[in-house]
Every structure is written in structure tokens, then in C-alpha cells.
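Notes follow once the structure below has been shown.
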Amino acid sequence: MARPRMMTDEEVLERISAAVGDSPWTLTGAAQAAGLHPSTLIKRFGSRGGVLLALSRRWVEAVPNGPAGEDPYGELMAWAASLSVRGLGTGAVLARLDMLAEDLRTPELRDLLHQGWQRQTDYLAVLVQAAVDRGDLRTTTPPALVARLLMDTASGALLRAAVAPDPAQADPCTAVHDLLEALK
């Protein structure tokens, strides 16, 4: 007789997401984070790749469509803060790049990464437009272009942080803040 499930798949994915952001992703590490055996993850999600697909789908679905509140510029700054590598060592920054490389390995994960980045770019464009409408940004650059520049700045700064002797010297949060300040 099979044991009853103590957690939903969503709870398992939440535990994994919360625990494995700044270390290299392994099935064993993911299972430990969820409090399960690796074979249990395989049984639930079909394979190591199935776990990654479920995590990616969850991430894509979590990207907001528009402002959560009345301060779109503050929300842009909060998004930038979420990118920060301050306090992280080179190993943790490299783990973020490892996750990116993992997402590029299969067509399904690449497609989900594309969807997620597109949703995030669309979300940022909405925030930029709302910040312009409120007078927090005074740019005439189209919001969709600003959003792409924000995404590219964040990605480029993460690469710079990975090779910097001190990752905080190339912090993506600072780079995005600098770009947003230049648009004020």
C-alpha cells in the first residue's frame, strides 16, 4: 500500500524554491529541501527534468501582470532589489548562472524561460508606463524598450558579478537602479 502524501506538489515546489536559489541545483538538494527522498520527487514529477519543468512553470505563472499597488516606481525598485547579489559569494552567483544554463539545456525549459522573460518584460513595461503617468519617470523612451533595457542590464550585471572578485561590485540591483535614475 502506498503511503499517503503529506504535502501537495505545490508545497513541495515551494520548499524547493525557497531553499535552492543560491546553491547549485541537484535532485538530492531539492529532495532535502522538500524533506523527501529523491526517489519520491522522481515518483511525483517523473524525472529530474520534470521537477525543473514544474519549478519553471510555477515561476512563469508567478510573474505579475501589472502593478500590485499604487507605487509603480517603488515596485520597479523592489524588482531591482530582488536581483541583488550583495552578501552572496561568487559560488552563489555562479549557482544563479548554473540555473540559467540548466534552463537552456532543453527545448521545454528554454521555452518556459522565454515565456517567463517575456512576461517579466511585459510586466516591467506596464510598471514603466505607470511610473511615467505618475511623473516618477520622465522618459520619452517607449516603455517596452525601457523594459528590455532593464532586463538586459540585469542579465549583463549578473554576468559581471560572476567574474568580479567581489560580486557586490557589479550588483545587478545597483545597475538597474542606475538605469532607472538616469530615466528620472
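The values are calculated or read from the model by the stated rules, or taken from the named source; none is laboratory data. In this text, all values refer to a predicted model and were calculated from it rather than measured experimentally. Using ideal geometry, Cβ is built from the backbone for each residue, glycine included, and neighbour counts are taken over all protein chains shown. Areas reflect the complete protein model, heavy atoms only, side chains present, ligands, DNA and RNA absent. Shrake-Rupley method; radii C 1.70, N 1.55, O 1.52, S 1.80 Å.
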**Report entry** Single unsatisfied condition, residue 131 versus (1) of a type outside the set (Val, Ile, Thr); (2) more than 18 Å from the chain's Cα centre (by Cα); (3) modelled with pLDDT of 95 or more; (4) open to solvent by 40 Å² or more (accessible area, probe 1.4 Å)
**Finding:** (4)
Report task. Could you grab me the full set of residues in the range 112-134 that are in contact (Cβ under 8 Å) with a residue 12 or more places away in the chain and within 26 Å of residue 53 (Cα to Cα)? Result -> 112, 113, 115, 116, 117, 119, 120, 121, 122, 123, 124
Query - Cβ pairs under 6 Å, 6+ apart, first in the range 20-45 and over 25 Å from residue 85 (Cβ atoms) and among the aromatic types (Phe, Trp, Tyr), second modelled with pLDDT under 90 and open to solvent by 70 Å² or more (accessible area, probe 1.4 Å) - result: none
Report summary line: Of the candidates 137, 109, the one satisfying the condition of being touching a residue at least 24 places away in the same chain (Cβ under 8 Å), part of a helix (DSSP H, G or I) and either loosely packed, with under 13 Cβ neighbours inside 10 Å or not aromatic (Phe, Trp, Tyr) (or both) is 109
**Report entry** Residue list for the range 81-98, restricted to those being open to solvent by 30 Å² or more (accessible area, probe 1.4 Å), farther than 17 Å from residue 151 by Cα and part of a helix (DSSP H, G or I)
**Finding:** 90, 91, 94, 98
Query raised in the report: When both residues are 6+ apart or on different chains and their Cβ atoms are under 7 Å apart, which pairs have a first residue that lies in the range 172-183 and is closer than 13 Å to residue 146 by Cβ, and a second that is assigned to a loop (DSSP other than H, G, I, E, B)?
Result: 176/83; 183/137; 183/139
Query raised in the report: Looking only at the range 146-165, which residues are farther than 18 Å from residue 99 by Cα and either in a helix (DSSP H, G or I) or open to solvent by less than 70 Å² (accessible area, probe 1.4 Å) (or both)?
Result: 146, 147, 148, 149, 150, 153, 164
Query - Pick from the range 21-47, criterion surrounded by 15 or more Cβ atoms within 10 Å (Cβ to Cβ) and among the charged types (D, E, K, R), ranking: farthest from residue 10 (Cα to Cα) - result: 22
Report summary line: From the option list 51, 63, single residue qualifying as surrounded by 15 or more Cβ atoms within 10 Å (Cβ to Cβ), farther than 28 Å from residue 28 by Cβ and under 17 Å from the mean Cα position of the chain (by Cα) is 63
Query - Candidates 91, 49, 69, 87, filtered to the one that is more than 22 Å from residue 19 (Cβ to Cβ) and not hydroxyl-bearing (Ser, Thr, Tyr) - result: 69
